[in-house]
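Encoded as structure tokens, the structure appears first; notes follow it.
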Amino acid sequence: MPPKGKKSQAANKPKSGEDEREAPLQAVILADPFETRFSPFTLERPRCLLPLANTPLIEYTFEFLANAGVEDVYVYCGAHREQVEEYISHSKWKSHLSSPFAKLEFIQSTSHSIGDAMRDLDTRGILVGDFLLVYGDVVSNLPLEPALAAHRARRAKDKNAIMTMVLREVGTHHRTKAQGTKPVFVIDPSNDRCLHFEQMPNREGKHFLSLDPVLLSDHREIDIRQDIIDCGIDICTPDVLALWSDNFDFQAPRKGFLHSVLKDYELNGKTIHTHVVTDHYAARVRNLHAYDSVSKDIVSRWAYPLCPDSNLVQGQSYRLQKGNIYKEEGVILARDCIIHPKTVIGRGTSVGDGSVISDSIIGRHCQIGRGVTIQGAYIWDHASIGDGCVVKKAVLANEASLGRKCTVEPGALISYGVSISEGMTIRGEHRITRAKRKRSHDEGCIRSQPDTSIVGIGGYGFEFEDSDEEDEDEIVDGLVTRGHLYNLSDLALSAESISTLNSESEDDFEPSHQRSEAGSFVSIGSVDSAASQHAANFDHDAAASIYDSLVEGHESANIQLELTSLRMSTNASEHQVRRAVVVSFVKRLAQLMKSGSSVRDAVAQVFGQHKELLDRIMFDKNSSSKVDQVDFMVLLQADLAHRESGDSILLSAATKLVEMDVIEEEGMVQWWESHKSSDEEAMRKVRAKTQQLIDFLNESSEEESDDGEEEESE
Amino acid sequence: MAEGTAIATPGLSSFLKSLKTTPVEPSVAYLISLLKRRQIRNSRQCAVATTALLLRVVGEFKGKDSAKLVERIRQVGRRLTSAQPREVVVGNIVRRVLGLVREVVEDHLDAETNATSDIGHNSQPHNDSLSRPTLSSTISTFSPLKHATAEPLDASTHQSETMSDSGELPKRPGLLTSHTSYVPSSSAPLVNSLFGLFSHPDTPSTSNTPTGHQSPDNKGMLTSLNLERLADFSNSKFDVKAEVMDGIRELQDELDQSDDLIAANALDHIHSNEIILTHTASTGVQKFLLTAARKRKFTVVHVETFPHDHTGTHSVLLTGKNRDHSGDSEEDSFKPLRAAGIQVVMIPDSHVFAIMSQVNKVILATHTVLANGGLVAASGARMIAAAAKAHQTPVVVVSGVYKLSPVYPFDIDELIEYGDPGSVVPYEDGGFVDLVDVENPLYDYVPADLVDLYITNLGGHAPSYLYRIVADHYRTEDINL
């Protein structure tokens, strides 16, 4: 909505008088932080739409941006993109009548880490000036002008000051601070430059911080600070994106990007600064523990005016009563139920006789029976709790229901639509869901049957098992403070862990399987991981460069040239080259299909245009055993095995390849017969559809052999 | 809290600027979001923003049907008040404008019936709202007493008819009408005549304007305006919109002038060598004191009003500029009291009781004045008022009429806004944040019996008299928006 834009620009002008002011303030919201800390809830809903004090998280982020006078907002969606878009386009932020933003756009991509997202942003080139980078879960009432002004002043002096991180100072112990992995910032207080960043405990699981002695000699004074909430608000320049692009192995913004850029200061000469604020509220809902503490902060009005009774979302009608009790209109309370302070109750919720509710947030249209005790719990919309239940420090998601006399112990998470039958006790470590893993063919453990040992007879739901548990020790930084919990969560909590994983098994290529499947970054590359321990970077670089070329529609010859030079420089094997091609082609395919092309069109577009390239990576046209072609097909098959509708893609890709003569019929048949293509369950599954092609080929080759085998002679 | 030295932060000034270029609907939404985000706060800023917005709403209203206009204003008003129910001033302004529309229409009808009674009667079904029994407007504007002869029953039935016609919300029953009804319209004879016994000589006109020549009150002006036009008014097309817009502009003038008009009373209340106690960084109070300072020497004891307004208080005392208002271009800066040769002593809030015995008079600024004579003011006000009561020190409240609300404080808790406890306890103190519940009310409710006098732009009034001014300024049918 242009007038608004003009307005605030006009308001800016007289005071700043700088040229840089001309550019509108842009912001990027990373709606999906590519983490699984909110599992099992994030299986069904994107994190940014989870309710925090009965208001979706992203509303707070938008409020913050509107407060800061941001004009252009780009929302970077990941998992559950449709839901995010659906929600936002119906919210006041999108309607041109009421939105404070001049522009609000969604960016969709197939990226599955923040690093990919940033690199993708760089290629899009939409961010022209300084921009804000925030997550879709920031809660802050911070006025940003001082930070922006400081950033611009630094920038005017030194073009290399590329980023300013806004940090909130808190004491040594604070509930809203990150509990598991604690960030440590080393800052030169004279110019607020961040010199070093480390997360405690570090990769080795130790609490040591090793500082470059140069830092000590170069700076007269340094602060080593750990009393800080990193609220994930960064003021960036486009140079930041360029840096991301230059470094393909960066995945996480702090542990990866920040740490490395600071370490390589000698190399790149870029400086990153901090802006530590001591008043106002700023926090990120980065895990369930933070969810708990930020909820408490909001209810206790620390984030004022971001309080329930500000009714941020249209249609809310919360009113504050004494003792921080917020009730929406139309709450039905029985005469002798007791509502203790620090409670939020949404519209249409009814509470039965003798129930006691304290320190809890209860959504809309919940049914709470008689004699229920709810303490410190988060109960989302439409949940129902039977008579005599006791719920303490737990989360009940939408439409969850508890039978009579259930006990939910602290720390339990009960996801959407789960029903627990009468008299059950849910222990604190349970995370119960009824969402089927979409990736279940990959997992091999479909458990759609309710687990009666947990939910009781007649209940519905089963224990959520995080496939990454072994890899990442993904512990939901729970609602409950438990010693061992934190120790575990220290190991790796997040997207940060991606980089750890990669560094350990670097051949892992992260095929871009659907992020909505929430989870593992274990890659199919591991099929032959042993073969490619050397030249580890090649995979990544090559695939990325081919992919970029595909997106931009470069000619085959150019791609080929680039690929060859890469191969030469890293001494990669032909197998690796093929794998890079397969991965990038499939990635491109997936992207095209996501944007609406049919399988056939996508295949035709991707494979059809690059016959030359494909020809140059398989060198066995003239030999009788088509090893290279088989290898290529196996790679393709393996990659597709993990994708949605991989079988049909494989069918049309195979057909196309035969049509183009890239894969000869013999090669195709050899592939079909090779044991690699039928070893595993998943592999067999994905190639099932291709059976018809093989049948056809077998038939036609019989015919053709009569005709003189012209096909094969080529 | 959210606003500071604003560069990009939206606020009142950015709203007023955008109002010129933006269409109405986005402007309404914008104001709502500003109110919700508390980027426009303070009664004054709210009042200015609301008037400006309503001027625009009326300006862009299409059609001539005044009932629809009333409904439109009311709808906007409802959205604004529900966005921030504690900024009562927003509702006040909306009600004032609604009353204005009704008045313009009624006056017009009167005029028409006077001039050409046929047309007047014919036009009634068209302008199907707000018709009254025909009265000679010349009398009605000047004598509430004579006016009282009109039968209240008749009027109320008429009103209920118009209600159903224009599809308005259900109104209060007649009982209340008779108590707080609008003076020039038919009101209960008993109240009016009893009251009129005392009020008549002092307040000849409905607006209770003490000095007719500089009356900021729109109704007085309007009616006189109408009277002038009466002659050539009859057959020409009647433009409700233009008149209402004129009225709103007068309302804006009233907002601009109210501080000065209040200050004009200063010499009656502040005498030489008095010790005056006040609080907050209110511009109105400062102007009031400054006006008195021109002629008299006295001492001001200023309470710091920690933690909400202490920065503002400090800067007002030192420089005369309210830091919080720096974004507000209209806010003309003035010299601090010190420059006027007044001795100013600033004390922390905790010292109020100790010093109260020496104080001659307490002057309070307000956030909102309620119809029962109570007020909502910056937190600390009640303590000051209670201390003053204990020492029998007179408490004078300085407030523009626009802050006077027809709302009765049935639920005091609802009126009081709670702020960020961070200004009392540092958020850094993790233990405190986790284990202690801190409440930080931004406002205090001061009951009417702790207040001795109100000084408004209309003059001085006893708290018990306020209902009267309410009745003069708001229509009963508008009290529930």
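The values are calculated or read from the model by the stated rules, or taken from the named source; none is laboratory data. Because the structure is predicted, anything quoted here is derived from the model rather than measured. Counting neighbours? That spans all protein chains shown, and the Cβs are built from the backbone with ideal geometry, glycine included. Only protein heavy atoms, including side chains, enter the accessible area calculation; ligands, DNA and RNA are left aside. Shrake-Rupley method; radii C 1.70, N 1.55, O 1.52, S 1.80 Å.
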_Conditions first: (1) at pLDDT 90 or above; (2) within 14 Å of chain B (Cβ to nearest Cβ); (3) in a loop (DSSP other than H, G, I, E, B). A:TYR304 passes all but one, so which condition is the exception?_
(1)
_Identity of the residue in the range A:237-270, within 18 Å of the chain's Cα centre (by Cα) and not in a helix (DSSP H, G or I), that ends up surrounded by the most Cβ atoms within 10 Å (Cβ to Cβ)_ = A:GLN251
_Condition first: among the polar types (S, T, N, Q), open to solvent by 20 Å² or more (accessible area, probe 1.4 Å) and in contact with a Gly (Cβ under 8 Å, 6 or more places away or on another chain). Now tell me which residues in the range B:257-312 satisfy that._
B:ASN265
*In this structure, is A:ASP234 open to solvent by 60 Å² or more (accessible area, probe 1.4 Å), closer than 21 Å to A:ASP158 by Cα and modelled with pLDDT of 85 or more?*
no
_Scope the range A:36-82; condition farther than 30 Å from B:GLY11 by Cβ and β-branched (Val, Ile, Thr); matching residues_ = A:THR36, A:THR42
*Give me a count of the residues in the range A:114-141 that are within 14 Å of chain B (Cβ to nearest Cβ) and either open to solvent by less than 10 Å² (accessible area, probe 1.4 Å) or among the small types (Gly, Ala, Ser) (or both).*
6
*asked:* When the residues of the range A:142-176 are narrowed to those that are small (Gly, Ala, Ser), surrounded by fewer than 22 Cβ atoms within 10 Å (Cβ to Cβ) and in contact (Cβ under 8 Å) with a residue 40 or more places away in the chain, which ends up nearest to the other protein chains (Cβ to nearest Cβ)?
replied: A:GLY171
*Subset of the range A:208-225 (residues that are in a loop (DSSP other than H, G, I, E, B) and closer than 16 Å to A:GLU266 by Cβ)*: A:LEU211, A:ASP212, A:HIS219
*Restrict the check to the range B:1-8 and report whether at least one residue is open to solvent by less than 30 Å² (accessible area, probe 1.4 Å), under 17 Å from A:ASN311 (Cα atoms), facing chain A (nearest Cβ under 7 Å) and modelled with pLDDT under 85.*
yes
_Of all residues making up the range B:415-455, the number that are more than 7 Å from every other protein chain (Cβ to nearest Cβ) and among the charged types (D, E, K, R)_ = 5
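Report, by residue number, each residue of the range A:74-95 that is aromatic (Phe, Trp, Tyr), touching a helix residue (DSSP H, G or I) at 6+ places or on another chain (Cβ under 7 Å) and away from chain B (no Cβ under 14 Å). So that I can check it myself, show each step before the final result.
Restricting attention to the range A:74-95, the residues satisfying the condition of being aromatic (Phe, Trp, Tyr) are A:74, A:76, A:87, A:93.
With touching a helix residue (DSSP H, G or I) at 6+ places or on another chain (Cβ under 7 Å) added as a condition, the list becomes A:76, A:87, A:93.
Matches in the range A:74-95: A:TYR76, A:TYR87.
Each row is one residue, and each column tells you yes or no for (1) farther than 29 Å from B:LYS361 by Cα; (2) in contact with a strand residue (DSSP E or B) (Cβ under 6 Å, 6 or more places away or on another chain).
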site: B:GLN392; (1), (2): no, no
site: B:LYS403; (1), (2): no, yes
site: B:PRO421; (1), (2): yes, no
site: B:PRO426; (1), (2): yes, no
site: B:PRO447; (1), (2): no, no
site: B:THR456; (1), (2): no, no
site: B:PRO463; (1), (2): no, no
*Here are some conditions: (1) on the phi > 0 side of the Ramachandran plot; (2) within 20 Å of the chain's Cα centre (by Cα). A:HIS280 meets all but one. Which one does it not meet?*
(2)
*Every residue from the range A:53-64 that is in a helix (DSSP H, G or I), touching a Leu at 6+ places or on another chain (Cβ under 9 Å) and away from chain B (no Cβ under 11 Å)*: A:LEU57, A:ILE58, A:GLU59, A:TYR60
*Under the condition of being among the acidic types (Asp, Glu) and open to solvent by 20 Å² or more (accessible area, probe 1.4 Å), which residue from the range A:177-228 is farthest from A:ASN287 (Cα to Cα)?*
A:ASP218
_Single residue of the range A:423-477 satisfying the filter (in a strand (DSSP E or B), within 27 Å of A:ARG286 (Cα to Cα) and open to solvent by 20 Å² or more (accessible area, probe 1.4 Å)) that is modelled with the highest pLDDT_ = A:ARG431
*Can you give me the number of residues within the range A:609-638 that are assigned to a helix (DSSP H, G or I) and either outside the structural domain of A:ARG687 (by TED's automatic domain parsing) or surrounded by fewer than 14 Cβ atoms within 10 Å (Cβ to Cβ) (or both)?*
1
_I'd like to verify a number: residues in the range A:557-576 that are of a type outside the set (D, E, K, R), open to solvent by 10 Å² or more (accessible area, probe 1.4 Å) and not in a loop (DSSP other than H, G, I, E, B), how many?_
11
_Just checking, does the range A:15-36 include any residue being modelled with pLDDT of 85 or more, within 14 Å of another protein chain (Cβ to nearest Cβ) and over 23 Å from the mean Cα position of the chain (by Cα)?_
yes
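Report, by residue number, each residue of the range B:31-49 that is part of a helix (DSSP H, G or I) and at the interface with chain A (Cβ under 7 Å from one of its Cβ atoms). So that I can check it myself, show each step before the final result.
Pass one, the range B:31-49, residues part of a helix (DSSP H, G or I): B:31-36, B:43-49.
Scanning the range B:31-49 gives B:SER33, B:LYS36.
What residue, of B:LYS68, B:LYS64, is at pLDDT 85 or above, over 30 Å from A:ALA150 (Cα atoms), more than 9 Å from every other protein chain (Cβ to nearest Cβ) and open to solvent by 10 Å² or more (accessible area, probe 1.4 Å)? Explain how you work it out, then say what you get.
Numbers: B:LYS64 fails: at pLDDT 85 or above.
Exactly one residue qualifies, and that residue is B:LYS68.
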_For the condition modelled with pLDDT of 75 or more, part of a helix (DSSP H, G or I) and open to solvent by less than 40 Å² (accessible area, probe 1.4 Å), what is the one hit in A:VAL662, A:VAL658?_
A:VAL658
*Considering (1) touching a residue at least 40 places away in the same chain (Cβ under 8 Å); (2) open to solvent by 10 Å² or more (accessible area, probe 1.4 Å), say which one A:TYR304 fails and leave the rest.*
(2)
